[in-house]
């Protein structure tokens with residue numbers, strides 16, 4: 001019994017001193033105004049893994065994404081965030097972006113007055129290693145057709161394509177998708193799903209927040225469920241799809 005206990009303690013020490021995973025959140029706390037919305041969230045993601053971050057409205061999903069992307073006042077956040085050995089929690093938003101964090105926000109942030117191609121070129125101020133415009137257009141042929149069109153005149157689905165393509169254009173290491181299907185017709189959602197399946201096949205590490213939980217789960221390898229700012233489930237996406245009680249309790253589906 002003593003030997004077993006000592007072995008467990010040694011294992012715990014090794015785990016505590018182990019280097020972070022490819023992506024790692026450790027004991028993240030975040031506030032939105034006076035509201036304590038993320039309460040000690042910790043999780044790891046392997047390189048190339050797709051994780052759905054799910055929960056009801058107000059569970060803390062978007063606040064977690066914003067903490068990862070370093071968008072909020074750092075005085076309102078605490079904890080450690082690591083990407084490929086780099087401490088994101090010590091970086092500003094622009095530094096995190098240069099280190100490979102690509103956020104596709106819910107409102108897409110398409111820049112008015114610029115064409116599709118100019119929106120993409122703006123993301124490539126620093127010359128990308130792996131994503132030339134030609135490669136982007138190869139994966140997004142509709143954007144190639146509309147490259148000279150003012151970007152804000154695109155349809156909602158096309159703007160979502162552009163937002164994803166713009167993130168990839170910066171040689172992103174971690175792609176954060178915040179409500180990629182929001183406000184899109186079912187037929188367009190299916191089209192975006194196909195594009196994200198292509199992105200998945202390229203081996204990107206992705207975190208997806210999406211109210212259409214079933215669609216997100218079908219894309220993902222793993223699921224994290226947040227409730228009241230805490231992780232209440234960490235397991236395979238298949239487990240959530242198959243567990244009606246779990247989905248009803250935490251996702252209302």
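The values are calculated or read from the model by the stated rules, or taken from the named source; none is laboratory data. Because the structure is a prediction, the values reported are computed rather than measured. Please note: Cβ atoms are built from the backbone with ideal geometry, for glycine as well, and neighbour counts cover all protein chains shown.
For residue 148, the criteria (1) in contact with a strand residue (DSSP E or B) (Cβ under 7 Å, 6 or more places away or on another chain); (2) closer than 22 Å to residue 220 by Cα hold in every case but one, which is (2). Here residue 38 fulfils each of the conditions (1) assigned to a helix (DSSP H, G or I); (2) in contact with a strand residue (DSSP E or B) (Cβ under 7 Å, 6 or more places away or on another chain) apart from (1).
Among the criteria (1) on the phi < 0 side of the Ramachandran plot; (2) surrounded by fewer than 20 Cβ atoms within 10 Å (Cβ to Cβ); (3) out of contact with any helix residue (DSSP H, G or I) (no Cβ under 8 Å at 6 or more places or on another chain); (4) touching a residue at least 60 places away in the same chain (Cβ under 8 Å), the one residue 56 does not fulfil is (3).
Considering segment 100-116, the residues that are over 14 Å from the mean Cα position of the chain (by Cα) and touching a residue at least 24 places away in the same chain (Cβ under 8 Å) include one that is surrounded by the most Cβ atoms within 10 Å (Cβ to Cβ), namely 116.
Scanning segment 69-88 for residues that are crowded, with 22+ Cβ neighbours inside 10 Å and either within 27 Å of residue 214 (Cα to Cα) or without any contact (Cβ under 8 Å) to a residue 12 or more places away in the chain (or both) yields nothing. Looking at this structure, is residue 97 at pLDDT 95 or above and either surrounded by fewer than 20 Cβ atoms within 10 Å (Cβ to Cβ) or part of a loop (DSSP other than H, G, I, E, B) (or both)? No.
Here residue 130 passes the criteria (1) more than 21 Å from the chain's Cα centre (by Cα); (2) farther than 28 Å from residue 61 by Cα except the one numbered (1). Scanning segment 200-253 for residues that are within 20 Å of residue 165 (Cα to Cα) and surrounded by fewer than 15 Cβ atoms within 10 Å (Cβ to Cβ) yields 201, 202, 203. Of the helices (runs of 4 or more DSSP H) lying entirely inside segment 145-240, those carrying at least 3 residues that are free of Cβ contacts under 8 Å to residues at least 24 places away in the same chain are 186-201. Selection within segment 1-30: residues that are crowded, with 18+ Cβ neighbours inside 10 Å and more than 22 Å from residue 172 (Cα to Cα). The member of this set that is modelled with the lowest pLDDT is 30.
Are any residues in segment 62-81 within 22 Å of residue 21 (Cβ to Cβ) and part of a helix (DSSP H, G or I), and if so, which ones? Explain how you work it out, then say what you get.
Step one: list which residues in segment 62-81 are within 22 Å of residue 21 (Cβ to Cβ), which gives 63-70, 77-81.
63, 64, 65, 66, 67, 68, 69, listed by residue number.
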